[in-house]
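What follows is a short report on a single structure.
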Amino acid sequence: MSALNALKLVAAKQQRENNPVVQRRTKLLAKLDEQIALAAAKKNGTEFVPMRSKRVKDDAGNVSVVRQPKRLKAWFWGVDGGKVCVAVRYGNKVIELAKGKAAVETTAGELGGVLATVKKAVEAGELDAQIEAVSAGVRKGFKK
């Protein structure tokens, strides 16, 4: 036990991140990162294909992990006059950024900046109430 006496022992418990607000915010931030990468790829004229891992079992019963392209829908679309509108989504629901306003109008060149600004707002917790409202609606659909 003399080896343990040289260490500083404390009574500490590891914190688990069970805060649902933080979990929802983290989920939305991950989706915003994908949209930022998609907007940058469209601006550069390249293709962005996010990948996901999937376990598959062959005929012999061996399980292996394969990478497959992930389905990704753009949150932005073109409107009249060469403008672009961006709607932030949580799941399949659109988040209202302000009362009665669910989209941001911008130009194609500023699209990445607008998404980065929305990401900063989510990180700061400015959209937590809107995320909670949309999430409650999604959860309500699962109850019978």
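The values are calculated or read from the model by the stated rules, or taken from the named source; none is laboratory data. Keep in mind that this is a model prediction, so the values were computed, not measured. Every residue, glycine among them, receives a Cβ derived from its backbone with ideal geometry; neighbour counts consider all protein chains shown.
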Taking region 50-78 and keeping residues surrounded by 10 or more Cβ atoms within 10 Å (Cβ to Cβ), over 19 Å from N92 (Cα atoms) and of a type in the set (A, V, I, L, M, F, W, C) leaves M51, V56, V66
Per the list (1) closer than 20 Å to E132 by Cβ; (2) in contact (Cβ under 8 Å) with a residue 60 or more places away in the chain, residue check on A40 breaks on (1)
Restricted to region 1-27 and to residues being part of a helix (DSSP H, G or I) and over 30 Å from I131 (Cα atoms), the residue nearest to the chain's Cα centre (by Cα) is L4
Looking across region 76-87 at residues that are β-branched (V, I, T) and either in a strand (DSSP E or B) or in contact (Cβ under 8 Å) with a residue 60 or more places away in the chain (or both), the single one that is farthest from K31 (Cα to Cα) is V84
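Results for (1) outside any helix (DSSP H, G or I); (2) in contact (Cβ under 8 Å) with a residue 24 or more places away in the chain; (3) more than 15 Å from the chain's Cα centre (by Cα), shown as yes or no for each residue.
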site: Q35; (1), (2), (3): no, yes, no
site: V56; (1), (2), (3): yes, no, yes
site: G61; (1), (2), (3): yes, no, yes
site: V66; (1), (2), (3): yes, no, yes
site: A74; (1), (2), (3): yes, yes, no
site: E110; (1), (2), (3): no, no, yes
site: E126; (1), (2), (3): yes, no, yes
site: I131; (1), (2), (3): no, yes, no
In the set V138, V134, the lone residue that is in contact with a strand residue (DSSP E or B) (Cβ under 6 Å, 6 or more places away or on another chain) and closer than 21 Å to V22 by Cβ is V134
Per the filter on region 39-54, residues of a type in the set (G, A, S) and not in a strand (DSSP E or B) are A39, A40, A41, G45
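Take the conditions surrounded by 12 or more Cβ atoms within 10 Å (Cβ to Cβ), hydrophobic (A, V, I, L, M, F, W, C) and touching an Asp or Glu at 6+ places or on another chain (Cβ under 6 Å) and apply them to A102. Does it pass?
yes
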**Request:** Using the structure shown, decide if E105 is among the acidic types (D, E), modelled with pLDDT of 90 or more, touching a strand residue (DSSP E or B) at 6+ places or on another chain (Cβ under 8 Å) and not in a helix (DSSP H, G or I).
**Result:** yes
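Quick grid of which residues meet (1) touching a Leu at 6+ places or on another chain (Cβ under 6 Å); (2) among the hydrophobic types (A, V, I, L, M, F, W, C); (3) exposed (fewer than 13 other Cβ atoms within 10 Å of the Cβ); (4) under 19 Å from K43 (Cβ atoms):
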residue: E96; (1), (2), (3), (4): no, no, no, no
residue: G109; (1), (2), (3), (4): no, no, yes, yes
residue: K119; (1), (2), (3), (4): yes, no, no, yes
residue: L127; (1), (2), (3), (4): no, yes, no, no
residue: A133; (1), (2), (3), (4): no, yes, no, no
residue: F142; (1), (2), (3), (4): no, yes, yes, no
Over region 93-108, the set of residues under 15 Å from the mean Cα position of the chain (by Cα) and of a type in the set (A, V, I, L, M, F, W, C) is V94, I95
